[in-house]
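Worksheet for the structure shown next.
We did not get these values from a lab; they are worked out from the coordinates using the rules stated. Because the structure is predicted, anything quoted here is derived from the model rather than measured. Every residue, glycine among them, receives a Cβ derived from its backbone with ideal geometry; neighbour counts consider all protein chains shown.
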Protein chains: 2
Amino acid sequence: MPAEFDLIRRWFTADEWPANVPLGVGDDAALLDVPAGQRLAVTTDTLVCGVHFLPDVSAHDLGHKALAVNLSDLAAMGAQPAWVLLALTLPSATDDAWLEAFSAGFLALARAHDVALVGGDTTQGPLSITVTAMGFVLPGAALTRAGAQPGDGIYVTGTLGDAALALHLLHEGRIDAIAGGSELRRRLQCPTPRIGAGLALRGLASAAIDVSDGLAADLGHILERSGVGALLHADALPRSPAFRACHSEPDTEAWQFALSGGDDYELLFTLPLARESELAARFAALDVGCTRIGEIVADAGLRVLDRDGRELPLARRGYEHFRNGA
Amino acid sequence: MPAEFDLIRRWFTADEWPANVPLGVGDDAALLDVPAGQRLAVTTDTLVCGVHFLPDVSAHDLGHKALAVNLSDLAAMGAQPAWVLLALTLPSATDDAWLEAFSAGFLALARAHDVALVGGDTTQGPLSITVTAMGFVLPGAALTRAGAQPGDGIYVTGTLGDAALALHLLHEGRIDAIAGGSELRRRLQCPTPRIGAGLALRGLASAAIDVSDGLAADLGHILERSGVGALLHADALPRSPAFRACHSEPDTEAWQFALSGGDDYELLFTLPLARESELAARFAALDVGCTRIGEIVADAGLRVLDRDGRELPLARRGYEHFRNGA
């Protein structure tokens, strides 16, 4: 690998640019046209080898995930993704096969959402990936963390705890031995950004965030910004068939995966109960479901009740990443 | 340092947001308003410890440089900088003093150019900094690499080779012992993005780029994109007083610093000779000068002549970074 290598151009450049990209990869900066009347939503996230992913992860999955976690942030704003920049730091020993798989995973997800890679940087060093994603949202239509009101229902898309359980099973070396192990691994390594759900929630959700640090921690951000509290019903937390196969009767460990495990990239949101039928109608057209898991209350703080109304302890409030184990 | 730390908010968040930032740091994405009729210019660059800077560099200078190299890319497009995102990967041993100095260096340069830090990410890992910078440019007014024409003059702002000479002296351990050493060090570690010059060149330069990889390599990008060649006059290459103090009579080594040394972050540009008086008039108001160093020719390739008309060898075509030494 040469000291100055232009990998972005070799592996990631499009043949044609969309009309809103007057100048793409290959100059000092990309030139972009935000549609008139739209607001730009911008987010950036870094994945570091050994912290956010294991060194032996599939390059294809890693390319997918580096983009997915950023698109998930746009989804949580109700934004329509449009453009992305990729800053890739690679060890000198990186080979073409790895780069081909990484770019294939990255670009497949980009194409699926009509996202154009418009620029980036490649440097040599310890493996690390920083993606900056940009999208559009109409003024006033963005979903923020700040609008939850007492009496609002709390909802989540998909299922919770799969990624944390997968990480736990990976560390124990038994993910390939159990039923549903490959599905759990896919949930950890190849998450689905809930872009359609985010778009469907515009004008409906009072607050929204994506579950990256864990349900309790991310709900905590909504509560803090909205100045409210919440009551969650542990029994209502949606768990996947693969999760249930491992934990048919939820024990304390299972609750902690669902409550505090990170990396699920589901959308967590609130809205007035009176609008729940609208929510159901909008989600009927999507490929992901949603579940009411609790309600917003006026008193600060987060409480979690089991099916008998007993309060469950919140052992961990945030995701501790790969380095710290599950 | 906690596993999940929100350094961006603690060290980098503004008290007030500009009117074009309806939502800044603290949600899933920033929300930004591009002025009507303007185009967005976006660039991203990563600095990796041990590759782009030495581990013992001043944190204040590093904060400055991480932003400066990105603003330099916007300058080379003729864009007016507006917003920036900071993705910071820090070793677990990073202390508050380092962060305070880094943010002070970063924010001082941001404030000097009315640039708002609107978002970012902080992760734990080997020290690395990725900045994404955004600015505005009117459609049709952007400076690209693609418009150089045979007969155009080739110009550069400021002086060349200072950063490469500084790196060489640092490696030899004698930068503090020589006259002008501190000025050379400043040029390497605390470069000035030529934003005013870039704005002044709008509607005037036929092509532009910033000198990050070295004059020969970066001019090569203009030649490639414009489909032309170039003749440079080595004797015309602008050298600073500190550079001249080290190399009063330019030898082969000195030429190579000026021709192939990276990290100068001067603007390199072309324009029709007939417009040189306009150039002089516009630069009269700036705090940096510019020098004609050669001309664009129809035949492909780059040739460099000494004062006697002999062709100089181009030993190195690109910057090899800190890891490879000077």
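Descriptive notes on the structure:
- Across the identical copies, the label point of A:Asp15 (7 Å from Cα in the Cβ direction) is separated from its matches by 5.6 nm, in order from shortest.
- As an equivalent ellipsoid, the range B:61-150 spans semi-axes of 30, 13, 11 angstrom, where each value is the square root of five times an eigenvalue of the C-alpha gyration tensor, largest first.
- Normalised contact order of chain A, rounded percent, pairs of Cα under 8 Å and 6 or more residues apart: 23 percent
- Shown for A:Val57, A:Val115: other C-beta atoms within 10 Å of each C-beta, ranked fewest to most, produce the order A:Val57, A:Val115.
- Only Cα pairs under 8 Å and 6+ residues apart enter the sum, and on that basis the relative contact order of the range B:14-92 stands at 19 percent.
- Dipole magnitude for the range A:83-183: about 320 debye, using +1 per Lys or Arg Cβ and -1 per Asp or Glu Cβ, origin at the Cα centre.
- Listed residues A:Gly153, A:Gly37, A:Gly289, most fluctuating in chain A (Gaussian network, C-alpha, under 10 Å): A:Gly37
- In the assembly of identical copies, B:Ala236 has its label point, taken 7 Å from Cα in the direction of the beta carbon, separated from the corresponding points by 7.5 nm (ascending, one decimal).
- Relative exposure of B:Val34, A:Val297, judged by other C-beta atoms within 10 Å (fewest first): A:Val297, B:Val34
- DSSP bridge pairs, the range A:69-146: antiparallel proportion in percent, nearest 5: 55 percent
- Label point 7 Å beyond Cα along the C-beta direction, distances from B:Gly301 to other copies (nm, shortest first): 8.0
- Within chain A, DSSP assigns beta bridges of which about 75% are antiparallel (rounded to the nearest 5).
- Rounded to the nearest 500, the 222 nm mean residue ellipticity of the protein assembly as shown from helices alone is -9000 deg cm²/dmol, with -39,500 (n - 2.57) taken per DSSP H run of at least 4 residues.
- In chain A, taking the dipole from charged Cβ atoms about the Cα centre, the farthest positive-side position among A:Ala30, A:Gly78, A:Leu169 is held by A:Gly78.
- Net charge in the neighbourhood of B:Ala59 (other residues with Cβ under 12 Å of its Cβ; Lys, Arg +1, Asp, Glu -1) is -4.
- Most mobile listed residue (A:Asp251, A:Asp213, A:Asp45) in chain A, GNM with C-alpha springs under 10 Å: A:Asp251
- Chain A: most fluctuating residue of A:Ser92, A:Ser212, A:Ser240 per GNM, C-alpha cutoff 10 Å: A:Ser92
- Cα gyration tensor, the range A:1-149 - rounded (a/c under 1.5), prolate or oblate: oblate
- Its residues counted as N, chain A yields a C-alpha radius of gyration over 2.2 N^0.38 Å of 1.01.
- Cα gyration tensor, the range B:118-228 - rounded (a/c under 1.5), prolate or oblate: oblate
- The range B:177-326: antiparallel DSSP beta bridges as a percent of all, rounded to 5: 65 percent
- Base-10 log of normalised Debye intensity for the range A:179-308 (one unit scatterer per alpha-carbon) at q = 0.18 Å⁻¹: -1.12
- Isotropically averaged projected area of the protein assembly as shown, using the convex hull of Cα atoms (one quarter of hull area), nm²: 29.2 nm²
- Taking other Cβ atoms within 10 Å as a rough exposure proxy, A:Asp33, A:Asp218 sort from fewest to most as A:Asp33, A:Asp218.
- Local charge for A:Ala197 was computed over the other residues whose Cβ lies under 11 Å away, with Lys and Arg +1 and Asp and Glu -1, and equals 0.
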